[in-house]
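Presented below is the structure to which this report refers.
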Amino acid sequence: MLYLITLLALFLSLWVGNSALALFMGIFLALFFKLPEDFYTHRYGSKILQTGLVFLGGSMSFDSIYSTNSDYFFWISCYVLSAFGLVILLGKIIGVSEKLSYLLASGTAVCGGTAIASVAPVVKAKPEDLTIAITIVFVLNAIAVVIFPLLGDYFSLNEEQFGILAALAIHDTASVVGAAASFGENSVEVAAILKVARTIWIVPLVILSAWIFRNKREGFGLPIFVLFFVVAAIMNTIIQPGEILIDYFKLINRLCLLTGLFCIGTQINRESILLLTLKPILLASIIWAIIIPTSLLLVLRF
């Protein structure tokens, strides 16, 4: 019966397709049912996330993304690096743990829950750290969909300007597109294209993370799935597969991401939830309070 309930909860998570919901469904399952320590969701969660990461690499082409974003790539790259470094720095000042700060930095600077879930197995993050980071980013994304159109109206932004603002200051792609949709089709197109420029930073982020958090006794210590991820991204750049195949890769990555987050959620207990303290919330809020006006200034410059 427990296996059947778990499968039903997983299928519901996949059908809805929301990363935070998939994680929370796993958490609720673990809170209401006592899962064995060797339960299959405990054993395969990280491996499924790692598999999804490989397919994510296979859906990315360095050349096409750079050519699409050539006008803004420099500014977006500066944003990604600055935001990431600022989160790490403030995390140390506030007293947030190293790996939790790293997860929040990845989600803030790159692409929200996708970046957090991709980096988590590389840095060997605890399930509770992953839960905290995903939860905070999810809440900020929900707020963004509501307040950003109001900001756009207040500052009289045109569709292109609002698309740039959404792509820079909102974390998850779905929320970027959702907010931009209120301004028109051109806004959605600009936001989606520029958001891809942030997403491509997953490639160097994963490689850098593997090196920083490597086992010092094993040299570089690059995990095998990271090697597959890099090879997949290189093969995409060289072969340039058709859109249909790329769409399949993205679908598989999405399914692996949702399934992996669900499985990670089942590893959470009541004590882990109580770890959602003020410090990481404060860190993410301060960073966002800096990013929004900075992004607005940049947008008004163009």
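Points to keep in mind about this one:
- Exactly one residue out of Phe74, Phe162 is aromatic (Phe, Trp, Tyr), over 19 Å from Leu257 (Cα atoms) and surrounded by fewer than 24 Cβ atoms within 10 Å (Cβ to Cβ), and it is Phe74.
- Pairs, first without any contact (Cβ under 8 Å) to a residue 60 or more places away in the chain and farther than 18 Å from Cys78 by Cβ in the range 106-125, second surrounded by 24 or more Cβ atoms within 10 Å (Cβ to Cβ) and of a type in the set (A, V, I, L, M, F, W, C), C-beta under 7 Å, six or more apart: Ile116/Leu103; Ile116/Leu130; Ile116/Ala133; Ile116/Ile134; Ile116/Val137; Ala125/Leu103
- Out of Ser82, Ser156, sole residue that is outside any helix (DSSP H, G or I), hydroxyl-bearing (Ser, Thr, Tyr) and surrounded by fewer than 22 Cβ atoms within 10 Å (Cβ to Cβ): Ser156
This table checks each residue for (1) among the hydrophobic types (A, V, I, L, M, F, W, C); (2) in contact with a Leu (Cβ under 7 Å, 6 or more places away or on another chain); (3) in a helix (DSSP H, G or I).
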site: Ala120; (1), (2), (3): yes, yes, yes
site: Thr131; (1), (2), (3): no, yes, yes
site: Val137; (1), (2), (3): yes, no, yes
site: Asn141; (1), (2), (3): no, no, yes
site: Pro149; (1), (2), (3): no, no, yes
site: Ile164; (1), (2), (3): yes, yes, yes
site: Ser187; (1), (2), (3): no, no, yes
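- Set side by side, the residues Ala133, Ala115, Ala125 differ, and just one is touching a His at 6+ places or on another chain (Cβ under 9 Å), hydrophobic (A, V, I, L, M, F, W, C) and crowded, with 23+ Cβ neighbours inside 10 Å, which is Ala115.
- Hits in the range 166-185 - residues which are farther than 20 Å from Ser106 by Cβ and assigned to a loop (DSSP other than H, G, I, E, B): Ala181, Ser182, Phe183, Gly184
- Selected residue (criterion: farthest from Phe74 (Cα to Cα)) from residues of the range 147-201 that are touching a helix residue (DSSP H, G or I) at 6+ places or on another chain (Cβ under 6 Å), among the charged types (D, E, K, R) and modelled with pLDDT of 85 or more: Glu159
The values are calculated or read from the model by the stated rules, or taken from the named source; none is laboratory data. Fair warning: this is a prediction, and the values are worked out from it, not measured in the lab. Cβ sites come from the backbone with ideal geometry, for glycine too, and all protein chains shown count toward neighbours.
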